[in-house]
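**Student:** There's a structure below that I have some questions on.
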Amino acid sequence: MKNVIDVHTHMLSNEWVDLLQAHGGPRYSVMPIKTGQRVVHLHGAPFMTLTEGMFDYDLRVRSMNQARVDLAVVSLTCPNVFWGGAEISTRAARLMNDDMAQGQRAHPDRIRWFAALPWQYPEAAVAELERAVAAGAVGVMVLGNIAGSELTDPLFAPIWREIERRALPVLLHPTAPPGLSEMNMVPYNLVASTGFLFDTTLAVVRMIFDGFFDRYPDLKLIASHGGGTLPYIIGRLDQCYDNMPACREKIAQKPSAYLRRIYLDSVVYSQEALELCVTTAGEENLLYGSDYPHNIGDMAGCLARVDALPAARRDKARGGNAERIFRL
């Protein structure tokens with residue numbers, strides 16, 4: 001069977017947390033919750049619990065050994081570096097890219113990484129992308145919205161062009177969706193259970209209808225958490241395309257055709273959902289991911305569901321597809 005390559009897995013550093021705590025306000029704060037765990041909050045809503053595995057590469061490798069994962073492509077999770085001014089955002093990106101590059105140097109057979117970029121400042125982002133690739137980055141991380149701005153905003157076009165030119169895969173990871181307060185997502189930690197999926201879904205659907213994938217035909221986009229709700233609603237999107245002129249303003253193909261050009265990870269937590277991802281996006285487009293070391297991450301469980309697929313699909317999802325798109 002193919003080596004196992006985890007494309008959705010995260011690392012942080014204490015220096016990044018310190019920067020966020022010092023400069024993330026008033027939107028972001030780092031506070032303990034009732035259990036005593038430190039949690040990143042947005043406008044008072046908890047959405048990202050800090051766990052030991054986020055800060056310890058040796059622990060990560062031991063966990064990978066236990067779950068039989070061969071290679072991890074690590075990334076900075078939300079809120080990434082989309083806070084503070086240009087100097088702080090760029091400093092946070094450089095700090096995390098340097099930290100992940102050091103993680104790869106310490107474990108050269110086990111670690112690769114996605115670059116963090118200060119997307120709000122395109123000139124600085126392109127410069128940091130060049131520096132990060134020279135340091136070993138094999139892809140780029142982006143969130144479902146950049147401090148509330150849409151990924152299709154023309155402001156980001158120079159970054160997308162450079163990413164496509166370099167043939168770098170992009171991991172699109174959710175963050176807390178805009179309208180958090182209006183949707184009353186603080187109770188029950190609805191950001192993590194539901195809001196993240198909404199953020200990814202809205203981002204990718206907007207990209208499809210906006211003609212984004214026609215402007216960047218060679219872009220390799222990985223939509224986290226099985227693409228949010230995309231596999232489930234793709235038929236509805238096609239129905240809207242057929243019956244609503246607004247949905248045909250910028251594209252000449254049905255949305256389902258674009259879904260076949262998007263990669264989905266395996267962080268879906270049920271076999272039925274994973275199989276739906278394969279059915280709608282195709283077996284060439286499924287990648288193993290675990291969401292380790294988040295508190296709901298599941299390295300072994302996500303791999304077990306991938307391994308339950310038919311052999312050809314299993315081997316592609318375990319690592320074959322990732323080897324191809326990351327040129328590993």
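**Student:** Of everything in region 70-92 that's among the small types (Gly, Ala, Ser) and more than 15 Å from Val17 (Cβ to Cβ), which residue is surrounded by the most Cβ atoms within 10 Å (Cβ to Cβ)? So that I can check it myself, show each step before the final result.
**Tutor:** Residues of region 70-92 that are among the small types (Gly, Ala, Ser), as a first pass: 72, 75, 84-86, 89, 92.
Right, trim to more than 15 Å from Val17 (Cβ to Cβ) and you get 72, 75, 85-86, 89.
Details: Ala72: 30, Ser75: 25, Gly85: 12, Ala86: 12, Ser89: 26.
By that ranking, first place goes to Ala72.
**Student:** Can you tell me how many residues within region 312-328 are touching a residue at least 40 places away in the same chain (Cβ under 8 Å), out of contact with any Phe, Trp or Tyr (no Cβ under 8 Å at 6 or more places or on another chain) and of a type in the set (A, V, I, L, M)?
**Tutor:** The qualifying residues number 1.
**Student:** Sort out for me the helices (runs of 4 or more DSSP H) sitting completely within region 262-328 that have 1 or more residues that are within 18 Å of Gly227 (Cα to Cα), of a type in the set (Asp, Glu) and modelled with pLDDT of 95 or more.
**Tutor:** Numbers: elements: 271-281, 299-307, 311-315, 321-326.
Passing ranges, in order: 271-281.
**Student:** Report yes if Val133 is out of contact with any helix residue (DSSP H, G or I) (no Cβ under 9 Å at 6 or more places or on another chain) and surrounded by 16 or more Cβ atoms within 10 Å (Cβ to Cβ), otherwise no. First the steps, then the outcome.
**Tutor:** Details: out of contact with any helix residue (DSSP H, G or I) (no Cβ under 9 Å at 6 or more places or on another chain): yes; surrounded by 16 or more Cβ atoms within 10 Å (Cβ to Cβ): yes.
The answer is yes for Val133.
**Student:** Return the only residue of Leu155, Leu143 being more than 15 Å from Pro169 (Cβ to Cβ), within 17 Å of the chain's Cα centre (by Cα) and not polar (S, T, N, Q).
**Tutor:** Details: Leu155 fails: within 17 Å of the chain's Cα centre (by Cα).
Only one candidate passes the filter, namely Leu143.
**Student:** Residue by residue through region 50-78, note down the ones that are in contact with an Asp or Glu (Cβ under 8 Å, 6 or more places away or on another chain) and among the small types (Gly, Ala, Ser). Give the derivation first.
**Tutor:** So the first thing to find is which residues in region 50-78 are in contact with an Asp or Glu (Cβ under 8 Å, 6 or more places away or on another chain), and the list is 59, 64, 69, 71-73.
Result: Ala72, single match.
**Student:** In region 158-166, is there at least one residue being in contact (Cβ under 8 Å) with a residue 24 or more places away in the chain, within 19 Å of Asp265 (Cβ to Cβ) and part of a helix (DSSP H, G or I)?
**Tutor:** The first filter runs over region 158-166 and keeps only residues in contact (Cβ under 8 Å) with a residue 24 or more places away in the chain, leaving 158-164, 166.
Now restrict to residues that are within 19 Å of Asp265 (Cβ to Cβ): 163.
From what's left, part of a helix (DSSP H, G or I): 163.
Checking region 158-166: at least one residue is in contact (Cβ under 8 Å) with a residue 24 or more places away in the chain, within 19 Å of Asp265 (Cβ to Cβ) and part of a helix (DSSP H, G or I).
**Student:** Taking the condition within 30 Å of Glu52 (Cβ to Cβ) and in contact (Cβ under 8 Å) with a residue 24 or more places away in the chain, does Asp298 pass?
**Tutor:** Values: within 30 Å of Glu52 (Cβ to Cβ): yes; in contact (Cβ under 8 Å) with a residue 24 or more places away in the chain: yes.
Yes, satisfied.
**Student:** Working carefully through the options Val61, Val7, find the one that is aliphatic (A, V, I, L, M) and touching a Leu at 6+ places or on another chain (Cβ under 8 Å).
**Tutor:** Working: Val61 fails: touching a Leu at 6+ places or on another chain (Cβ under 8 Å).
Checking each option against the conditions leaves just Val7.
**Student:** Moving on to the next point. Would you mind finding the one in Ala92, Ala134, Ala125 that is modelled with pLDDT of 95 or more, within 30 Å of Thr229 (Cβ to Cβ) and assigned to a helix (DSSP H, G or I)? Show your work before the answer.
**Tutor:** Values: Ala92 fails: within 30 Å of Thr229 (Cβ to Cβ); Ala134 fails: within 30 Å of Thr229 (Cβ to Cβ).
Sole residue among the options that is modelled with pLDDT of 95 or more, within 30 Å of Thr229 (Cβ to Cβ) and assigned to a helix (DSSP H, G or I): Ala125.
**Student:** Right, another one. Any chance region 112-120 includes a residue that's in a helix (DSSP H, G or I) and over 20 Å from Val7 (Cα atoms)? So that I can check it myself, show each step before the final result.
**Tutor:** So in region 112-120, the residues in a helix (DSSP H, G or I) come out as none.
Among the residues of region 112-120, not one is in a helix (DSSP H, G or I) and over 20 Å from Val7 (Cα atoms), which makes the answer no.
**Student:** Of the numbered conditions (1) closer than 23 Å to Trp83 by Cα; (2) assigned to a loop (DSSP other than H, G, I, E, B); (3) within 19 Å of the chain's Cα centre (by Cα), Leu172 fails exactly one; give the number of that condition.
**Tutor:** Among (1) closer than 23 Å to Trp83 by Cα; (2) assigned to a loop (DSSP other than H, G, I, E, B); (3) within 19 Å of the chain's Cα centre (by Cα), Leu172 violates only (2).
**Student:** Could you tell me how many of the residues in region 73-88 are touching a His at 6+ places or on another chain (Cβ under 9 Å) and outside any loop (DSSP other than H, G, I, E, B)? Break it down into steps so the answer makes sense when it comes.
**Tutor:** Step one: list which residues in region 73-88 are touching a His at 6+ places or on another chain (Cβ under 9 Å), which gives 73-78, 80, 83-85, 88.
From what's left, outside any loop (DSSP other than H, G, I, E, B): 73-75, 88.
Qualifying residue count for the region: 4.
**Student:** Quickly run through region 178-192 and pick out the residues that are part of a loop (DSSP other than H, G, I, E, B) and crowded, with 23+ Cβ neighbours inside 10 Å.
**Tutor:** Of the residues in region 178-192, the ones part of a loop (DSSP other than H, G, I, E, B) are 178-186.
Met185, the sole residue that qualifies.
**Student:** Any idea which of (1) surrounded by fewer than 15 Cβ atoms within 10 Å (Cβ to Cβ); (2) part of a loop (DSSP other than H, G, I, E, B) is the one Asp214 doesn't satisfy?
**Tutor:** Only one criterion in (1) surrounded by fewer than 15 Cβ atoms within 10 Å (Cβ to Cβ); (2) part of a loop (DSSP other than H, G, I, E, B) is unmet by Asp214, namely (2).
**Student:** Kindly establish whether Leu328 is under 20 Å from Phe213 (Cβ atoms) and aliphatic (A, V, I, L, M). Give the derivation first.
**Tutor:** On the way: under 20 Å from Phe213 (Cβ atoms): no; aliphatic (A, V, I, L, M): yes.
Taking the combined requirement at face value, the residue does not satisfy it.
**Student:** What residue, among those in region 145-177 that are charged (D, E, K, R) and touching a helix residue (DSSP H, G or I) at 6+ places or on another chain (Cβ under 8 Å), is surrounded by the fewest Cβ atoms within 10 Å (Cβ to Cβ)?
**Tutor:** Step one: filter region 145-177 for residues charged (D, E, K, R), giving 150, 153, 161-162, 164-166.
Keeping just the survivors that are touching a helix residue (DSSP H, G or I) at 6+ places or on another chain (Cβ under 8 Å) gives 150, 162, 166.
Details: Glu150: 17, Glu162: 18, Arg166: 13.
So, considering only residues that are charged (D, E, K, R) and touching a helix residue (DSSP H, G or I) at 6+ places or on another chain (Cβ under 8 Å), the one surrounded by the fewest Cβ atoms within 10 Å (Cβ to Cβ) is Arg166.
**Student:** Could you check how many residues of region 1-40 are assigned to a strand (DSSP E or B), under 22 Å from Tyr292 (Cβ atoms) and either without any contact (Cβ under 8 Å) to a residue 40 or more places away in the chain or not charged (D, E, K, R) (or both)? Before the answer, list the steps.
**Tutor:** Pass one, region 1-40, residues assigned to a strand (DSSP E or B): 5-10, 28-32, 38-40.
Now drop any that are not under 22 Å from Tyr292 (Cβ atoms), which leaves 5-10, 30, 38-40.
Restricting the remaining residues to those that are either without any contact (Cβ under 8 Å) to a residue 40 or more places away in the chain or not charged (D, E, K, R) (or both) gives 5, 7-10, 30, 38-40.
Number satisfying all stated conditions: 9.
The values are calculated or read from the model by the stated rules, or taken from the named source; none is laboratory data. In this text, all values refer to a predicted model and were calculated from it rather than measured experimentally. Cβ: placed from backbone, ideal geometry, glycine included. Neighbour counts: every protein chain shown.
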